[in-house]
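The values are calculated or read from the model by the stated rules, or taken from the named source; none is laboratory data. Small disclaimer: the values here were computed from a predicted structure and weren't measured. Positions of Cβ are backbone-derived with ideal geometry, glycine not excepted, and every protein chain shown enters the neighbour counts. Remember, those area values only see protein heavy atoms, side chains included, never the ligands or the DNA or RNA. Shrake-Rupley method; radii C 1.70, N 1.55, O 1.52, S 1.80 Å.
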Amino acid sequence: MRRIIAYLVRFAVILIGYAVAALAASAFLNVLFLAHLGYTPANPEPAATASLYFSVPFIALFVAYFGFMPAAVVILIAEVLGRRDWLFYALGGAVIAVVFLGFARNIGDGDFDVTDNNVRLALIGSGMVGGIFYWLSSGRWAGSWQREPLLDPEP
């Protein structure tokens, strides 16, 4: 029974970490594109600042949707291998972004394909930021469900 509870708690931590990663990647993308448009902290536009409250969670839904399957594979590999280093998750986030870019290219819809190299690099960077924030929120305890307790109080 204790093992099942440990699995459920770990699964909940993974889901929370994935939500944090999607929000962080979305926030990074929003900040990059606002900076590209010329909005800086020195001269904040009220409309641009207020729009972040809506656009960050909204874009996070798309980030979470398109990155779910490759992220599930990376998370599963990390959990089974017990990887707890930030670099693994940052590179895993970059791989997830590259898989998305490959999917967008092979889908056959010209409007969905990402052709600008700056946008591709922004997506890969946001994947890396998402991976680092996943590590901060739940990746540091990867594989913790596999460890046996040293002393089992129950006979």
Handout entry: Test result for Ile75, open to solvent by 30 Å² or more (accessible area, probe 1.4 Å), among the aliphatic types (A, V, I, L, M) and at pLDDT 90 or above
Key = no
Fill in the blank from the handout: Residues in the stretch 78-93 that are assigned to a helix (DSSP H, G or I) and open to solvent by 30 Å² or more (accessible area, probe 1.4 Å) total 6
Completion exercise
When (1) more than 18 Å from Ala12 (Cα to Cα); (2) at pLDDT 85 or above; (3) open to solvent by 30 Å² or more (accessible area, probe 1.4 Å) are applied to Pro149, the one that fails is (2)
Problem - Positions within the stretch 1-60 being within 26 Å of Arg120 (Cβ to Cβ), in contact (Cβ under 8 Å) with a residue 60 or more places away in the chain and touching a Phe, Trp or Tyr at 6+ places or on another chain (Cβ under 6 Å), in sequence order - result: Gly17, Val20, Ala21, Ala24
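At pLDDT 80 or above and either over 29 Å from Arg140 (Cβ atoms) or open to solvent by less than 50 Å² (accessible area, probe 1.4 Å) (or both): which single residue out of Phe28, Phe54 fits that description?
So the residue among Phe28, Phe54 that is at pLDDT 80 or above and either over 29 Å from Arg140 (Cβ atoms) or open to solvent by less than 50 Å² (accessible area, probe 1.4 Å) (or both) is Phe54.
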Exercise for the section: List every residue pair whose Cβ atoms sit under 6 Å apart, with the two residues 6 or more apart in sequence or on different chains, where the first one lies in the stretch 125-137 and is under 14 Å from Pro70 (Cα atoms) and the second, anywhere, is surrounded by fewer than 22 Cβ atoms within 10 Å (Cβ to Cβ). Expected result: Gly127/Ala94; Met128/Ala90; Met128/Ala94; Gly131/Ala90
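Here's the yes/no breakdown for (1) outside any helix (DSSP H, G or I); (2) more than 23 Å from Asn118 (Cβ to Cβ); (3) in contact with a strand residue (DSSP E or B) (Cβ under 9 Å, 6 or more places away or on another chain); (4) of a type in the set (Lys, Arg):
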residue	(1), (2), (3), (4)
Tyr7	no, yes, no, no
Ala19	no, yes, no, no
Ala42	yes, no, no, no
Tyr53	no, yes, no, no
Pro57	no, yes, no, no
Ala72	no, yes, no, no
Phe100	no, no, no, no
Phe103	no, no, no, no
Exercise for the section: State whether the residues of the stretch 111-118 include one that is assigned to a helix (DSSP H, G or I) and open to solvent by 30 Å² or more (accessible area, probe 1.4 Å). Expected result: yes
Completion exercise
All conditions in (1) at pLDDT 85 or above; (2) of a type in the set (Ser, Thr, Tyr); (3) assigned to a loop (DSSP other than H, G, I, E, B) are true of Tyr65 except (3)
Practice task
Can you confirm whether the stretch 62-72 contains a residue that is surrounded by 12 or more Cβ atoms within 10 Å (Cβ to Cβ) and among the β-branched types (Val, Ile, Thr)?
Solution key: yes
Problem - Counted residues, the stretch 119-145 - those being buried (at least 18 other Cβ atoms within 10 Å of the Cβ) and of a type in the set (Lys, Arg) - result: 0
Exercise for the section: Confirm whether Ala78 is closer than 12 Å to Gly131 by Cα and in contact (Cβ under 8 Å) with a residue 60 or more places away in the chain. Expected result: yes
